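Chemist: Take a look at this one; I'll ask things after.
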Amino acid sequence: MEGLVLLGQGIVHFLTPWSLFNVAWATLLGVTIGILPGLTATMGVALLVTLTYKMAPDQAILTLMCVYLGAIYGGSRTAILLNIPGTPANAAAALDGHPLAQQGKAGLAMGLATTSSTLGTMVGIFFLAIIAPLLSEAALKFGSYEFFWLALFGVVISGQMTGSDTPLKGYIAGILGLLVAMVGMETLHAHQRFTFGIAALGGGIDLIPAMVGAFGLAEILSTMKRKVTGHVAPVNDRVIPTLREIFQYWRTIIRSGIIGTFIGIIPGVGEDVGSWSSYAAAKRASKHPEEFGKGSQEGLIAAETGDNAVVSAAMIPTLTLALPGSAAAAVLIAAMLIHGVRPGPMLMVENAPFLYQIVAMLLLATIANLIFGLSLTKLFIKVLVVPRERLMAVIYILCVVGSFAITQRMFDVYVMLVFGAVGFLMREMKYPMAPLVLGIVLGDLLDLNLRRGLALTQGDPSPFFTRPISAVICLIIMATILMSIPPVGKRVRGLFGRKGAEQPSSP
Amino acid sequence: MPDNSDATEEGVRARADLLTALVLVALGLAVVYLSWTMPRLEARHIHPATIPGLVPLFLGIGLTCCGGLLLWRSWRIKAPGGWQSLFGLLRTRETLRIGVVLGLALIHTLVLVGLIPFWAAAMLFIFAFIMIFETWLNEEPAEPLKSLCWALAIAVVGGGGIYLVFERIFLVRLP
């Protein structure tokens, strides 16, 4: 009951002209970012942190949340009309969205994508409102031992699930991220590590410049590598779907929403995995699996419900454990810290209304998505044909501003350049970025809690393995690593007598 | 044809992985060495299990192991002509395009910023970027006059707009 009151207060809190104005422009900007191939949700949120720097904390987070959700939704437009995913999260949507557009049902495809995005977000919001307070309460019992394992779990599971080529590359990206977090002054004994006499490294490497580089400059380089011209499919049919067209797939919507929520809760496993997993599950359960990839409305609904559910659900570990549920959520954590909001188990104790304000933000953002998505079709099609050469030049300048503005040192701009170049090379060699980001965010948590735990027990590591929650997380980590070894994974799957699901690997 | 290009791409990636794995193993060993030789703060009587080099040491070992496994994995993949294809990538138009973006970015950030006002550096960068990619590196027939007009307009609006929005409206300091 108290939760409902807080939720009501959260919604009322944002029903002001200024908040609604911020919701409108930020959602439009987010959708535009999502539509433009080469601009991802994470990049948009990272660049926008600078612009919201001087705003009030609630308005700043509201703006960033609208951009995040808008971008994930907007990418479906590009997937449907151009067959190019606007963001990696929309790759699965292109499989059926574009064939639908080619069949002259582009309007219907966009309408279904819009409504299923909204429903996906709603499912995620439902679970966020229910699970987050419970998890937050449970997390109050966590000590250094549990937090060490949770940090390690985040990096390992993210590496395992996002390494498209081999999990090994996911693990390597995670370790590299953790190593980046080791640079600078450590928090237990205030000793400077790996600074090599460079004073600017004393404070460590900030997340925002690193993210702007890895998701901004690296994305510019990937986009500019070759000129891609796509033919925009014409939109001649109605955009607003009928209720029957949507709700005949209610099972798919609920299933995909739950899968998306589950993926969102797992740290560092983002919208793309949520989308592919929902798509694969829908294909397995469908009465017409043969239609998948050829313009299946069910496939499109599954993909778009799944990825949008991830956005809301990613807030569950982000807010309650300070473990980012996705790469964009990692930037949100940095933004929250900049604005004096400390996510983690103490959030419900120190600032309980904030959790419900996040729920309200997502609700407003998804309503804005629905309204704009169903009404501004022609405007968004115009955005699709903006030449990327002209756009990317301006984006680079925004990357420079974005990395400089927070701490106002050119060193951060150089960090952005290095992360951009290295991030681009890593992407080209199929190293996932999410574990890298997670490593940077969780490095300090992992390091501090391991050594603090050992200090508490005078060097005895047994509580790390004997405390019940620690033991469970430790076992999950071990199982995850073992399962990523091909012969072991094959045998275990064989034991359950099921063939490996033919799930397309995420790009 | 697509199968052939897939095989080439796989070969190139296997050889690129091999090179990367060597770098990762070297980096991992360097981290292990630096962590091992990191001060253990004995003078401050800290517990030996809480030394600053502990986690980096584990990470260094982890990186070396993962790098080693990647080395073994990519070594086993047969990729005839993989090395030629990999080094052949350096001479492609794609590499040239990436090099130009990076070159322009470095000139803007390391040379122009600080030398001239930020808005002017931004305008110059945007103008040069658009002109180069719409004329010299354009894969379709170029329209220099049209590109010139667009480049000038976007440089002025983009460079000036960023300056106005960030520094004047949102009061964010620019480089």
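The values are calculated or read from the model by the stated rules, or taken from the named source; none is laboratory data. Keep in mind that this is a model prediction, so the values were computed, not measured. Cβ: placed from backbone, ideal geometry, glycine included. Neighbour counts: every protein chain shown.
Chemist: What's the total number of residues in the stretch A:434-470 that are without any contact (Cβ under 8 Å) to a residue 40 or more places away in the chain and either in contact with a Pro (Cβ under 9 Å, 6 or more places away or on another chain) or within 30 Å of A:Leu332 (Cα to Cα) (or both)?
Modeler: 3
Chemist: From B:Leu148, B:Leu102, B:Leu106, which residue is at pLDDT 90 or above, loosely packed, with under 15 Cβ neighbours inside 10 Å and touching a helix residue (DSSP H, G or I) at 6+ places or on another chain (Cβ under 9 Å)?
Modeler: Only one candidate qualifies: B:Leu106.
Chemist: Where in the stretch A:157-254 are the helices (runs of 4 or more DSSP H), entirely inside, with at least 1 residues that are within 9 Å of chain B (Cβ to nearest Cβ) and within 30 Å of A:Leu370 (Cα to Cα)? Full working, then the answer.
Modeler: Values: elements: A:167-182, A:207-211, A:218-224, A:243-247.
Here the list reads A:218-224.
Chemist: Name the single residue, out of those in the stretch A:456-465 being at the interface with chain B (Cβ under 10 Å from one of its Cβ atoms) and over 17 Å from A:Phe142 (Cβ atoms), that is surrounded by the most Cβ atoms within 10 Å (Cβ to Cβ).
Modeler: A:Pro461
Chemist: Can you tell me which of (1) within 11 Å of chain A (Cβ to nearest Cβ); (2) at pLDDT below 95 is the one B:Trp83 doesn't meet?
Modeler: (1)
Chemist: Please count how many residues of the stretch A:387-419 are basic (Lys, Arg) and surrounded by 22 or more Cβ atoms within 10 Å (Cβ to Cβ).
Modeler: Of all residues in the stretch A:387-419, those basic (Lys, Arg) come to A:388, A:390, A:409.
Those left that are additionally surrounded by 22 or more Cβ atoms within 10 Å (Cβ to Cβ): none.
Counting residues in the stretch A:387-419 that are basic (Lys, Arg) and surrounded by 22 or more Cβ atoms within 10 Å (Cβ to Cβ) gives 0.
Chemist: Restricting to the stretch A:267-282, name every residue that is more than 16 Å from A:Gly75 (Cβ to Cβ) and surrounded by 24 or more Cβ atoms within 10 Å (Cβ to Cβ).
Modeler: Those that are more than 16 Å from A:Gly75 (Cβ to Cβ) and surrounded by 24 or more Cβ atoms within 10 Å (Cβ to Cβ): A:Pro267, A:Gly268, A:Val269, A:Ser277, A:Ala282.
Chemist: When you check A:Leu384 against the structure, is it surrounded by fewer than 21 Cβ atoms within 10 Å (Cβ to Cβ), touching a Leu at 6+ places or on another chain (Cβ under 8 Å) and within 13 Å of chain B (Cβ to nearest Cβ), yes or no?
Modeler: no
Chemist: Residues of the stretch A:388-419 being more than 8 Å from chain B (Cβ to nearest Cβ) and part of a helix (DSSP H, G or I), which ones?
Modeler: A:Arg388, A:Leu391, A:Ile395, A:Cys399, A:Gly402, A:Ser403, A:Phe411, A:Asp412, A:Val415, A:Met416, A:Val418, A:Phe419
Chemist: Is it the case that some residue within the stretch A:193-212 is at pLDDT below 95, in contact with a Phe, Trp or Tyr (Cβ under 6 Å, 6 or more places away or on another chain) and buried (at least 24 other Cβ atoms within 10 Å of the Cβ)?
Modeler: Yes: one or more hits.
Each row is one residue, and each column tells you yes or no for (1) closer than 30 Å to B:Arg97 by Cα; (2) surrounded by fewer than 13 Cβ atoms within 10 Å (Cβ to Cβ); (3) at pLDDT below 90; (4) in contact with a helix residue (DSSP H, G or I) (Cβ under 6 Å, 6 or more places away or on another chain).
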| site | (1), (2), (3), (4) |
| --- | --- |
| A:Leu217 | yes, no, no, yes |
| A:Leu221 | yes, no, no, yes |
| A:Lys225 | yes, no, yes, yes |
| A:Val232 | yes, no, yes, yes |
| A:Val235 | no, no, yes, yes |
| A:Ile240 | no, no, yes, yes |
| A:Gly257 | no, no, no, yes |
| A:Gly264 | no, no, no, yes |
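Chemist: Next up: With A:Leu442, A:Leu425 as the choices, which residue is within 11 Å of chain B (Cβ to nearest Cβ), under 25 Å from the mean Cα position of the chain (by Cα) and part of a helix (DSSP H, G or I)? Full working, then the answer.
Modeler: Values: A:Leu442 fails: within 11 Å of chain B (Cβ to nearest Cβ).
Exactly one of A:Leu442, A:Leu425 is within 11 Å of chain B (Cβ to nearest Cβ), under 25 Å from the mean Cα position of the chain (by Cα) and part of a helix (DSSP H, G or I), namely A:Leu425.
Chemist: On to the next question. Condition first: touching a helix residue (DSSP H, G or I) at 6+ places or on another chain (Cβ under 9 Å) and loosely packed, with under 14 Cβ neighbours inside 10 Å. Now tell me which residues in the stretch B:126-141 satisfy that.
Modeler: Matches in the stretch B:126-141: B:Trp136, B:Glu139.
Per-residue answers, yes or no, for (1) within 13 Å of another protein chain (Cβ to nearest Cβ); (2) over 13 Å from the mean Cα position of the chain (by Cα); (3) buried (at least 24 other Cβ atoms within 10 Å of the Cβ):
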| site | (1), (2), (3) |
| --- | --- |
| A:Ile33 | no, yes, yes |
| A:Gly38 | yes, yes, no |
| A:Gln59 | yes, yes, no |
| A:Ile72 | no, no, yes |
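Chemist: How many residues are closer than 30 Å to A:Phe424 by Cα and facing chain A (nearest Cβ under 8 Å) when one looks only at the stretch B:8-52? Please lay out each step first, then the result.
Modeler: Filtering the stretch B:8-52 for residues closer than 30 Å to A:Phe424 by Cα gives B:8-35.
If we keep only those that are facing chain A (nearest Cβ under 8 Å) too, we end up with B:13, B:16-17, B:20, B:24, B:31, B:34.
Counting residues in the stretch B:8-52 that are closer than 30 Å to A:Phe424 by Cα and facing chain A (nearest Cβ under 8 Å) gives 7.
Chemist: Quick one: would you say A:Leu29 is touching a residue at least 40 places away in the same chain (Cβ under 8 Å), out of contact with any Phe, Trp or Tyr (no Cβ under 8 Å at 6 or more places or on another chain), surrounded by fewer than 24 Cβ atoms within 10 Å (Cβ to Cβ) and not hydroxyl-bearing (Ser, Thr, Tyr)?
Modeler: yes
Chemist: Go through (1) crowded, with 24+ Cβ neighbours inside 10 Å; (2) part of a helix (DSSP H, G or I) for A:Gly86 and report which single condition fails.
Modeler: That leaves (2) as the condition not met.
Chemist: In addition: Using the structure shown, decide if B:Glu140 is farther than 13 Å from A:Val394 by Cα, outside any helix (DSSP H, G or I) and either facing chain A (nearest Cβ under 9 Å) or modelled with pLDDT under 95 (or both).
Modeler: Against the criterion (farther than 13 Å from A:Val394 by Cα, outside any helix (DSSP H, G or I) and either facing chain A (nearest Cβ under 9 Å) or modelled with pLDDT under 95 (or both)), B:Glu140 qualifies.
Chemist: Now a separate question. Restricting to the stretch B:82-106, name every residue that is under 25 Å from A:Tyr414 (Cα atoms) and not small (Gly, Ala, Ser).
Modeler: Answer for the stretch B:82-106, where residues must be under 25 Å from A:Tyr414 (Cα atoms) and not small (Gly, Ala, Ser): B:Leu90, B:Glu94, B:Thr95, B:Leu96, B:Arg97, B:Ile98, B:Val100, B:Val101, B:Leu102, B:Leu104, B:Leu106.
Chemist: Hey, another quick one. Any chance you could count how many residues in the stretch B:148-162 are more than 9 Å from every other protein chain (Cβ to nearest Cβ), touching a residue at least 12 places away in the same chain (Cβ under 8 Å) and not aliphatic (A, V, I, L, M)?
Modeler: 1
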